[in-house]
Structure formats: structure tokens, C-alpha cells
Amino acid sequence: MKHTCTGRIVFGMAMTALLLAAVTAGATSTVLTGHAGAVHSVTFSPDGTKALTGSFDYTAKLWDTSTGAHIRTFTGHTDGVYSAVFSPDGTKVLTGSADHTAKLWNANTGVALHTFTGHTNSVTSVAFSPDGTQLVTGSFDATVKQWNASTYALLRTLTPHTGYQVRSVAFSPDGTQILTGDGDSTAKLWNTSTGALNNTFTVSAGAIMSAVFSPDGTKVVTADYHGDANLWNAATGANLGAFFADTGGLFSALISPNGTKLLTGGLQGVAILWDLATGNVDQTYTAHTDWVNSVAFSPSGNRLLTGSSDGTARLETFPMSGTIAINNNLSTTNNTNAALALSWLGGEGTGVVQMRFSDDGSHWTAWEPVAAIRPYTLPAGDGYKTVRVQFLDKLNNKSAVYSDFIRLDTVAPTGSIIINAGALSTASQTVTLGLTYSDGAGTGVVRMRFSDDGAHWTAWEYPKASRSYKLPLGNGYHTVRVQYLDAAGNYSPVYSDYIKLQLPL
């Protein structure tokens with residue numbers, strides 16, 4: 001069977017040596033250059049076709065994700081841009097700056113639509129509500145301000161972390177809660193309508209530099225200056241695990257759109273892609289030469305974006321990859337009707353959209369929509385069967401061919417039984433069974449069982465050539481039956497022998 005190594009198991013372990021030792025897999029990289037200062041914020045447009053970067057050169061820039069070409073620059077801030085995000089419909093851009101303001105822009109023209117004032121220190125984080133009707137701004141002045149996105153009116157000021165700089169703000173996916181992260185080692189959940197505190201998440205040490213929801217809203221992930229990415233149950237506040245990702249400190253952490261991966265960036269200049277289920281490192285990205293301040297996933301999850309103090313952003317596109325497993329990775333089967341378990345990653349456009357199959361690598365089924373589970377009929381005839389799959393993305397790029405194999409065995413085993421070497425009678429209730437069994441060219445006999453009446457059977461046991469057996473009480477003829485089972489699940493016919501029991505008077 002095929003096995004794929006997905007990374008190193010480092011859940012909760014120090015990463016200093018492992019970061020540089022882990023292998024970066026073959027994603028293609030595009031470097032976005034043009035900023036004259038550290039890139040502090042990166043994100044994708046809602047349709048994934050554009051990237052947005054915010055820099056300490058006082059600007060935000062828009063990029064084409066297909067080519068890496070610069071589209072336009074948003075100019076107007078008088079100090080560095082800490083945070084830049086798209087509106088949910090992609091038509092507007094919101095930026096937060098060290099000049100104590102946030103600005104709203106027309107994404108298509110670069111024209112400034114409004115400047116939000118009122119903070120008395122750097123605006124470090126900004127966010128739109130999922131429906132686009134509200135926005136929030138977080139500041140080093142220890143406040144969070146909630147605004148009407150249409151009228152620009154101030155709705156509420158929160159003081160979630162008195163005396164501490166607010167580093168991160170985010171809305172829940174359903175828009176009912178606001179998440180804040182701060183230098184007091186806590187992240188807090190607030191009711192969007194009332195401003196009431198709903199929950200608090202407390203890390204062991206370090207300012208929380210980033211706090212965001214998982215795409216489904218059930219989890220919160222925090223990145224702290226101690227170097228940990230912590231997962232939390234959003235409803236209960238329970239800690240679900242910690243990823244010690246950067247000994248220098250983490251600046252950003254984000255869960256992938258499908259909820260299976262975690263992306264972190266920090267002081268060591270390394271971005272790490274983790275498997276959430278296992279805690280393993282899938283990939284590391286070491287091309288930046290300075291701090292990784294911000295990370296982002298594309299909406300389809302096939303790309304990631306990193307922004308660094310080296311003045312660049314890097315766009316990584318995952319090559320299409322996939323897996324196939326026949327019958328849940330069983331090695332044998334006695335039935336041509338099989339079930340394929342499939343997974344895929346990457347692809348241009350909106351990612352992988354179709355798949356096809358082959359038994360020989362030459363003749364293929366028609367392309368069909370991707371599915372995680374698919375029934376499949378193996379070719380007739382006993383022996384090893386290999387099933388191949390290939391994936392197709394939105395732009396008609398084909399993946400490599402991935403395969404798994406299983407052994408088909410439809411022939412039942414054969415055997416025999418003889419009691420006491422063929423004696424006609426016995427004076428002892430305990431006898432010796434002589435047993436033979438064969439599966440020919442099949443998968444091999446793996447179990448046997450016995451019965452006195454053909455209806456009630458012993459438990460299955462490992463086969464052997466000789467076995468002690470106790471006959472039922474009572475003089476007279478007794479028949480002992482045996483049945484064999486091979487590794488593919490084929491049952492043999494029932495074989496029997498009999499002997500006359502004559503107990504002494």
C-alpha cells in the first residue's frame with residue numbers, strides 16, 4: 001500500500017533546530033516587490049484574484065495573483081500601514097496606520113472614500129463584518145472602535161485590555177462577535193450588538209499579536225510573542241492544543257479555509273504550514289530574510305501569502321497533489337466492488353474541480369466532479385489491482401497520477417480434517433484433530449473454526465496442523481466440522497470427520 005510522509009511531529013515541541021531541517025515542498029513562489037518598507041499586512045481578495053499588502057512605506061498595494069503584477073497603490077497615510085483588508089464584496093479596502101487613522105478606499109480606483117479618526121495612537125488592526133455593514137479598528141491606545149461602514153458613524157468604543165495595546169481585531173464568521181487580542185496575554189470575545197464580554201482566552205506568556213476565528217467559527221487561534229499558536233474552543237474557551245512555532249515570537253497565525261491546516265509566521269523569518277489533526281509540519285517557507293509579520297490563505301486554500309520586514313510579500317501556489325486509498329487501505333478484498341477514499345490540494349483558479357480513473361494508466365474514465373468517496377469496480381480476475389487517479393483544476397491543468405493497489409482474491413480455501421489419525425473409535429472424550437488447509441495462489445488461510453452440529457461454532461482461531469478437541473458427552477458417533485477463512489474473507493466449504501465414542505463403564 002502507498003504511504004505518504006506529511007511532515008515532522010512537533011506538536012508542543014521546540015522548533016529551533018527543526019525549522020531549518022524540515023523540507024520545503026514544491027510550491028511555486030512569486031515575489032511581490034515594490035514596497036520601500038516592511039510589509040506588515042497581507043490578504044487575498046474574496047475571489048482570490050488579487051492580493052493586498054500594507055507596508056511601513058505608508059502605502060498599501062494591490063497585486064494580480066495570477067501574474068504577480070502590481071495593479072495600484074493606495075497613497076494617503078502619513079505613517080506606516082499596519083493592517084489592510086478587503087470588504088466582503090471586494091469593492092473596498094480598509095487600512096489602519098501608525099498615523100492614528102483608518103482609511104476606506106475604492107478598491108477599483110484607489111480613491112480614498114473616508115478617514116476614520118478618534119484613536120490617539122497607531123491603528124494596528126482593522127476588520128469588516130461578514131455582511132459589510134460594520135467595521136472595527138484596534139489601536140495601541142488600548143481601545144477598539146466599532147463603526148457603521150456606510151454612514152461612518154462611531155457605534156461603540158470598547159476598552160477590552162485597559163492599559164495594553166490592542167494588536168488584533170476580527171469578526172466571527174456569523175458577525176455576532178468581535179475578537180480582540182492584546183499585550184496582556186489575553187484574547188476576548190465581545191457581543192457585536194451589546195458590547196458585552198462573552199469569553200476570555202488567556203495564554204501562559206507573551207502579548208497576543210494575532211487572534212482570528214476558524215472559517216467555521218468553532219475555534220479561535222491566537223499567535224503570541226512567546227512563540228505559541230494556541231487553538232481554543234470558541235464557545236467554551238477550552239484550550240485545544242498549542243503549536244510552539246517560533247522561539248523568537250509569533251506575529252500571525254491562520255487556519256486554512258477547509259479547517260485542516262494552520263499557517264504561522266514569526267520573528268525567525270519562517271512561515272510554517274501545520275497539519276491540525278496531527279501537529280506535524282507539512283511545509284516550511286524560509287525564503288524571507290527578515291520577520292514574517294503576516295500570513296494569509298487564498299479563499300480556495302491553494303495559495304498562501306506571507307509579508308515580511310524584508311520589504312517583500314511572497315505568493316506560494318501549491319502544486320496539485322492528491323491521495324487515493326482503496327477500501328480504507330485494506331490490503332486484500334474478495335469483492336470487485338470497492339470504495340475509493342480521495343483527497344486533493346492545490347490547483348489554479350478556484351482549485352481542483354474534476355478527477356478521472358484508470359486501471360492500467362492508458363485507458364481513463366471520463367472526467368467527473370471531485371468527491372471524497374467514490375464507489376469503484378475493480379477489474380475481474382484474482383491478483384493485484386492498481387487504481388490510478390488524476391485531478392484537474394479550474395484552468396484545465398492536470399495533476400500527477402496517484403495510485404493505490406489491493407489484492408483481489410475470490411477463490412475459497414480448501415482443507416480437510418481427520419480425527420485421531422483416522423481411528424474408527426475412541427475411549428477418550430479428548431481427541432486429536434489432524435488438519436490440512438490450502439489457499440493455492442490466494443491470500444492464505446488465516447483462521448479456522450469448529451462445530452459439533454454445524455449450527456454452533458467455536459470462535460475463529462489461528463490455523464495449525466494439529467489441535468486437541470473435546471467431543472460432546474455420550475457414547476456413539478460424533479462428527480467434528482471445520483471451516484477455514486483466508487485473508488480476503490473467503491470461507492471454505494465445511495469439512496468433517498466422525499468417530500465413535502465408547503467410554504469405559
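Quick one: Cα centre-to-centre distance for region 428-505 and region 191-250, in angstrom?
62 Å
If the cut-off is a Cα-Cα distance under 28 Å, which lysines reach LYS385, setting aside same-chain residues fewer than 8 apart in sequence?
Partners found: LYS2, LYS398.
Can you give the translational diffusion coefficient of region 414-501 in µm²/s, computed by Stokes-Einstein from the Kirkwood radius over Cα pairs at 4 °C and 1.567 mPa s?
Working: Rh = 13.3 Å.
Estimated diffusion coefficient is 98 µm²/s.
Please report, in debye to the nearest 20, how large the charge dipole of the chain is about its Cα centre when each Lys and Arg carries +1 at its beta carbon and each Asp and Glu carries -1 there.
I would put it at about 700 debye.
Over the Cα atoms of region 69-179, what Rg and Dmax result, in angstrom?
Considering region 69-179 through its Cα atoms, Rg and Dmax are 13.1, 43 Å.
Determine one quarter of the surface area of the Cα convex hull of region 119-195, which equals its mean projected area, and express it in nm² to one decimal. Kindly include the intermediate steps, with their values, before the conclusion.
Numbers: hull surface 17.6 nm².
So the mean shadow area of the Cα hull is 4.4 nm².
For a protection proxy built on the mean count of beta-carbon atoms within 10 angstrom, sort 464-472, 431-439, 55-63 highest first, please. Intermediate results must be reported in sequence, preceding the final value.
On the way: 464-472: 12.1, 431-439: 17.8, 55-63: 23.2.
Highest to lowest by the protection proxy: 55-63, 431-439, 464-472.
What are the semi-axes of the equivalent ellipsoid for region 321-408, taken as the square roots of 5 times the Cα gyration tensor eigenvalues, largest first, in whole Å?
Working: eigenvalues 119, 30, 20 Å².
After scaling each eigenvalue by five and taking roots: 24, 12, 10 Å.
Return a whole-number percent for the relative contact order of the chain, with Cα pairs under 8 Å and 6 or more residues apart as the contact set. Numbers along the way, then the final one.
Numbers: 1511 pairs, mean separation 50.5, N = 505.
The normalised contact order for the chain reaches 10 percent.
Please compute the net charge surrounding LEU231, taking Lys and Arg as +1 and Asp and Glu as -1 over other residues with Cβ under 14 Å from its Cβ. Before the final figure, lay out the partial values.
Values: positive: LYS219, LYS261; negative: ASP216, ASP224, ASP228, ASP275.
Once all neighbours under 14 Å are counted, the net charge is -2.
Explain nothing, just the number: dipole magnitude of region 124-201 about its Cα centre with +1 on each Lys and Arg Cβ and -1 on each Asp and Glu Cβ, in debye rounded to the nearest 20.
So the magnitude is around 80 debye.
Read the figures in this text as sums done on the coordinates, not as results from a lab. Given the structure is predicted, the values throughout are model-derived calculations rather than measurements. Virtual Cβ from ideal backbone geometry, glycine too; neighbours counted across all protein chains shown.
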